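Each remark here refers to the structure printed beneath this line.
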Amino acid sequence: LSTSAPVCARRAGRSLCAFTRRGRLRVCVGEQGRRRSVARRRSVAMAARRALSSAVHELRLAFCQTSEGSKGLRDFVSANYSALKADNPRLPILVREAAGAEARVAARFAKGAEQALSVEGMSAKEVEGVLQQLAKQ
């Protein structure tokens with residue numbers, strides 16, 4: 001590791017570590033060569049993210065780019081889309097922005113069953129709760 005690169009706080013430079021572009025620790029390989037995953041800070045619970053791929057066959061997020069009612073869903077997508085996609089690589093996640101559209105989360109389940117929930121006026125944390133609710137079905 002060069003002196004300008006971030007150093008793993010757990011091993012204080014005695015291991016090989018991989019960092020994200022923003023300098024966050026992603027993977028740490030200890031002295032014995034065992035690979036240890038380091039928990040990444042994300043707002044969606046790990047179990048709910050993984051459960052999405054088994055319960056939901058398609059996830060659609062629709063919102064307006066400018067309305068105040070869609071702000072929570074916009075914030076959720078900007079903060080958590082990459083984490084959701086990384087944990088569910090085969091799950092189609094469709095993000096649709098349309099002027100004047102109501103903020104909605106729609107999920108397609110097995111045998112074509114669909115459920116759409118309005119998240120208009122909800123915060124990003126409440127949208128997270130809606131996704132966890134969909135994952136349990």
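Assorted remarks:
- Ligands, DNA and RNA left out, the 1.4 Å accessible surface of the range 44-135 is 53% carbon and sulfur atoms.
- Less than 5 angstrom separates the built amide H of residue 120 from those of 103, all sequence-distant by 5 or more or on a different chain.
- Taking N as the residue count of the range 44-135, its C-alpha radius of gyration divided by 2.2 N^0.38 Å amounts to 0.99.
- Straight-line cross-link partners of residue 111 among the aspartates and glutamates, defined as a Cα under 14 Å from its Cα and at least 8 positions apart when in the same chain: 58.
- Sorting the segments 111-124, 89-102 by their mean number of nearby beta carbons within 10 angstrom, highest to lowest, gives 111-124, 89-102.
- In Hz, Karplus ³J(HN,Hα) per residue of the range 102-115 (6.51, -1.76, 1.60; θ = phi - 60°; x = Gly, Pro): 6, 5, 9, 10, 10, 10, 10, 10, 4, 6, x, 5, 10, 9
- Taking amide H as placed 1.01 Å from N in the peptide plane, the amide H of residue 95 sits under 5 Å from that of 61, each at least 5 places away or on another chain.
- Surface exposure of the range 44-135, expressed per residue as accessible area with a 1.4 Å probe, stands at 51 Å².
The values are calculated or read from the model by the stated rules, or taken from the named source; none is laboratory data. Model, not experiment: these values are computed from the prediction. All Cβ positions, glycine included, derive from the backbone under ideal geometry; neighbour counts span all protein chains shown. What goes into the accessible areas is simple: the full protein's heavy atoms, side chains included, and nothing from ligands, DNA or RNA. Shrake-Rupley method; radii C 1.70, N 1.55, O 1.52, S 1.80 Å.
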